[in-house]
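Comments concern the structure below.
Values in this text are rule-based calculations from the coordinates and carry no lab data. Because the structure is a prediction, the values reported are computed rather than measured. Counting neighbours? That spans all protein chains shown, and the Cβs are built from the backbone with ideal geometry, glycine included.
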Amino acid sequence: MDCTLTLLTDGTTPFFQVQNSGPEPLRIRAPALQQVSTTAPDAPAPAGTVPAATSGTGAPVLASPLEVMLSGATGCSAYDITNRLQERGIHVTAMTVHTQAERATTAPRVFTSVHLHYRITAPQADRETVASVVDMSVHAHCSALGILKHTAQIGYTLDLTV
């Protein structure tokens, strides 16, 4: 796996930009950094840079590193489930995964609870097979959730439409 992390600024807000095998880079806010001058404010954005969403104040809205970690775990599990179902000849026509997490109140503020809610549409799928694949992803196969389970209780629910 290749991943490049670059510290940039848009002139007011420092952020890390992560480029991996995906087509678009990911931006992660770096709120503890103050004066970052790796890019001049009027310099053109690097090729492929996605403009950050802005809040009502015009300030960029960027994901925190732990939000990215949670997003990564969600994506890892969804990817794993889709691949394993396809290996079994089950075609997934739609999937949504909503993840909620709680963090410790004191440092280090690790995740203490993670709950994933899967909505999967797989016409003509066997419910037991899909449920088994989801369970194995959450509890055994997904590497990112495997890391999180050292500090968090991992749970899930499944809504399957066949």
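With R₀ set to 30 Å, the beta-carbon distance separating residue 86 from residue 107 gives a calculated FRET efficiency near 0.10. Stretched out straight at 0.36 nm per residue, the stretch from residue 149 to residue 131 would grow longer than its current Cα-Cα span by 4.5 nm. Volume per residue for region 79-156 equals 77 cubic angstrom (convex hull of Cα atoms).
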